[in-house]
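A.B. asks: Would you mind keeping the following structure in view while I ask a few things?
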Amino acid sequence: MSAGSLAGLAGCSGDSARTLPSRPTGAWRQHAHDARNTGVADVVVPPRGTRAWDAGTAQLAAPLVDDGTVFAVSEAVSAMDAQTGDEQWRVELEGTADYTPGLVDDRLLVATESRVRALSRADGTERWSVSLPRPIDGALTVASDLPLLVPIADTGLLALDPETGERLWRAPMLGVNPAAVADGTVYLTGYKQDGNTAAVRGLAAADGTRQWEIELEAPDSPPVVGDGALLVAAGETLSVHDPTDGTRKRTLGPFDGRLQVPPAVTDGTAFVATDSSLQAVSIADGSQVWRADLQVMTDTGVSAGRETVVAPVLDLPDAGGPGLTALARSDGTTRWEHSIDGFDAVVSTPPILADGAVFYVSTESAGVTALGDLPARTDG
């Protein structure tokens with residue numbers, strides 16, 4: 001097959017792999033959980049963040065989880081049992097996938113630098129493959145019955161038919177971020193063709209026609225649509241817009257640092273990360289609900305479950321060193337910390353949340369690590 005050859009089945013990597021207490025449920029099907037980029041899943045994060053297994057192949061792209069299976073990409077695509085880490089199938093790629101793929105219906109959509117492929121989520125067989133006019137420059141945005149949205153370097157946004165790979169439309173824009181989609185509108189941040197003026201645009205999902213445009217100070221991260229608002233990070237502030245016409249309603253902040261990743265948004269609250277804090281802020285008036293003084297890894301992002309926010313940090317307050325911390329969504333108190341080892345170790349992707357598990361990629365390993373409600377190891 002043109003996407004590479006199917007490799008044989010393999011088990012968990014390493015002798016220290018352990019099975020999670022139960023089969024993780026819930027879905028995280030794209031880079032910020034959903035097409036709105038909210039970064040929030042209706043799942044219960046485990047009460048402990050103990051390492052269970054490490055498997056698959058991953059470097060920069062976040063894994064996905066759905067229906068008890070974890071999907072990871074790098075120089076290969078691997079599908080793993082979410083509870084045990086056992087590989088179900090693997091496909092070697094021609095090139096490396098550095099951006100998070102997307103799951104829609106029965107297809108896993110994967111982009112290498114110059115090509116997008118649709119693989120069967122059941123066994124990795126290729127459904128279609130198309131070349132890109134220029135290299136991909138961000139994560140894919142997917143949703144059922146809507147185009148597959150691909151950010152293209154120095155070009156803009158390319159819309160493909162997720163069933164066939166047919167090119168549907170293109171929206172020119174420079175420095176474009178991964179898009180958000182809601183209620184038939186595609187939201188896009190980047191720069192106008194002059195290369196100097198930042199903007200957020202609303203496009204018709206059906207054909208890419210521009211519906212409105214609002215200028216910004218800077219398009220620092222992808223847009224987020226949540227709780228009836230469109231949120232866009234720009235510098236040290238978070239601007240709140242009307243999603244129907246882009247009108248700016250208010251500005252939240254300034255915060256104590258540049259907002260390089262979009263906030264996680266749910267129930268009227270934005271969880272905003274800088275390099276010195278994680279804050280829960282009211283979208284309605286900008287008031288601070290709580291603040292945790294943390295050195296958040298601001299090039300990855302935070303994720304929220306039903307009761308818990310999980311963030312990658314450079315220096316864990318209690319355990320010390322880099323790793324992940326889980327905080328109560330209500331008041332920001334620490335629930336657990338998980339350290340990672342290695343010289344200049346960093347968490348490479350946002351935490352991916354499921355009921356009973358947290359999945360992430362770091363420089364500590366070459367695969368996906370699963371955390372769950374397990375006792376700490378006593379055998380070294």
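The values are calculated or read from the model by the stated rules, or taken from the named source; none is laboratory data. As the structure is a prediction and not an experimental result, all values here were calculated from the model. Heads up, the Cβs are rebuilt from the backbone with ideal geometry, glycines too, and the neighbour counts pull from every protein chain shown.
A.B. asks: Starting from residues that are acidic (Asp, Glu) and closer than 23 Å to His33 by Cα, keep the ones in the range 88-119 and report whichever is nearest to the chain's Cα centre (by Cα).
C.D. replies: Per the criteria, the residue is Asp98.
A.B. asks: Of the residues that make up the range 128-137, is at least one of a type in the set (Asp, Glu) and either surrounded by 16 or more Cβ atoms within 10 Å (Cβ to Cβ) or under 25 Å from Leu231 (Cβ atoms) (or both)?
C.D. replies: Among the residues of the range 128-137, at least one is of a type in the set (Asp, Glu) and either surrounded by 16 or more Cβ atoms within 10 Å (Cβ to Cβ) or under 25 Å from Leu231 (Cβ atoms) (or both), which makes the answer yes.
A.B. asks: Consider the range 261-283. How many of its residues are under 24 Å from Gly138 (Cβ atoms), touching a Pro at 6+ places or on another chain (Cβ under 9 Å) and surrounded by fewer than 24 Cβ atoms within 10 Å (Cβ to Cβ)?
C.D. replies: Residues flagged as under 24 Å from Gly138 (Cβ atoms), touching a Pro at 6+ places or on another chain (Cβ under 9 Å) and surrounded by fewer than 24 Cβ atoms within 10 Å (Cβ to Cβ) within the range 261-283 amount to 1.
A.B. asks: Quick one: Ala280 ticks every box in (1) over 23 Å from Ser22 (Cβ atoms); (2) not in a strand (DSSP E or B) bar one, so which box is it?
C.D. replies: Looking at each condition in turn, Ala280 falls short on (2).
A.B. asks: For the subset of the range 349-368 comprising residues that are farther than 20 Å from Thr298 by Cα and touching a Ser or Thr at 6+ places or on another chain (Cβ under 7 Å), which member is surrounded by the fewest Cβ atoms within 10 Å (Cβ to Cβ)?
C.D. replies: Ala366
A.B. asks: Further, regarding this structure: Give, as residue ranges, the strands (runs of 3 or more DSSP E) completely inside the range 130-182 that count at least 2 residues that are touching a residue at least 40 places away in the same chain (Cβ under 8 Å).
C.D. replies: So the answer is 156-160, 180-182.
A.B. asks: Do you know which of the residues in the range 349-380 that are at pLDDT below 95 and among the acidic types (Asp, Glu) is nearest to Ala76 (Cα to Cα)?
C.D. replies: If we take residues in the range 349-380 being at pLDDT below 95 and among the acidic types (Asp, Glu), then Glu364 is nearest to Ala76 (Cα to Cα).
A.B. asks: Among residues belonging to the range 324-348 that are buried (at least 24 other Cβ atoms within 10 Å of the Cβ) and of a type in the set (Val, Ile, Thr), point out the one that is modelled with the highest pLDDT.
C.D. replies: Going through the qualifying residues, I end up with Thr325.
A.B. asks: Here is a check on your reading of the model: is Trp212 at pLDDT 95 or above, in contact with a Ser or Thr (Cβ under 7 Å, 6 or more places away or on another chain) and among the aromatic types (Phe, Trp, Tyr)?
C.D. replies: It is false that Trp212 is at pLDDT 95 or above, in contact with a Ser or Thr (Cβ under 7 Å, 6 or more places away or on another chain) and among the aromatic types (Phe, Trp, Tyr).
A.B. asks: Which of the residues that make up the range 109-128 are more than 14 Å from Val150 (Cα to Cα) and either of a type in the set (D, E, K, R) or in a strand (DSSP E or B) (or both)?
C.D. replies: Within the range 109-128, Leu119, Ser120, Arg121, Asp123, Glu126, Arg127, Trp128 qualify.
A.B. asks: Only one of (1) surrounded by 18 or more Cβ atoms within 10 Å (Cβ to Cβ); (2) over 22 Å from Asp299 (Cβ atoms) is not met by Asn37, so which one is it?
C.D. replies: Of the numbered conditions (1) surrounded by 18 or more Cβ atoms within 10 Å (Cβ to Cβ); (2) over 22 Å from Asp299 (Cβ atoms), the odd one out for Asn37 is (2).
A.B. asks: Let me ask something additional. If a residue has to be more than 10 Å from the chain's Cα centre (by Cα) and under 20 Å from Gly202 (Cα atoms) to count, how many in the range 30-47 make the cut?
C.D. replies: Matching residues across the range 30-47 total 2.
A.B. asks: State yes or no: is Glu87 surrounded by fewer than 24 Cβ atoms within 10 Å (Cβ to Cβ), modelled with pLDDT of 95 or more and not basic (Lys, Arg)?
C.D. replies: It is true that Glu87 is surrounded by fewer than 24 Cβ atoms within 10 Å (Cβ to Cβ), modelled with pLDDT of 95 or more and not basic (Lys, Arg).
A.B. asks: Based on this model, can you work out whether Leu103 counts as closer than 26 Å to Pro222 by Cβ, out of contact with any Phe, Trp or Tyr (no Cβ under 8 Å at 6 or more places or on another chain), touching a residue at least 40 places away in the same chain (Cβ under 8 Å) and of a type outside the set (Ser, Thr, Tyr)?
C.D. replies: no
A.B. asks: Among the residues of the range 216-229, is there at least one that is assigned to a loop (DSSP other than H, G, I, E, B), touching a residue at least 24 places away in the same chain (Cβ under 8 Å) and among the charged types (D, E, K, R)?
C.D. replies: Yes, that holds for at least one residue.
A.B. asks: Looking at (1) within 23 Å of the chain's Cα centre (by Cα); (2) among the basic types (Lys, Arg); (3) surrounded by fewer than 21 Cβ atoms within 10 Å (Cβ to Cβ), find the lone condition where Arg201 falls short.
C.D. replies: For Arg201, the exception is condition (3).
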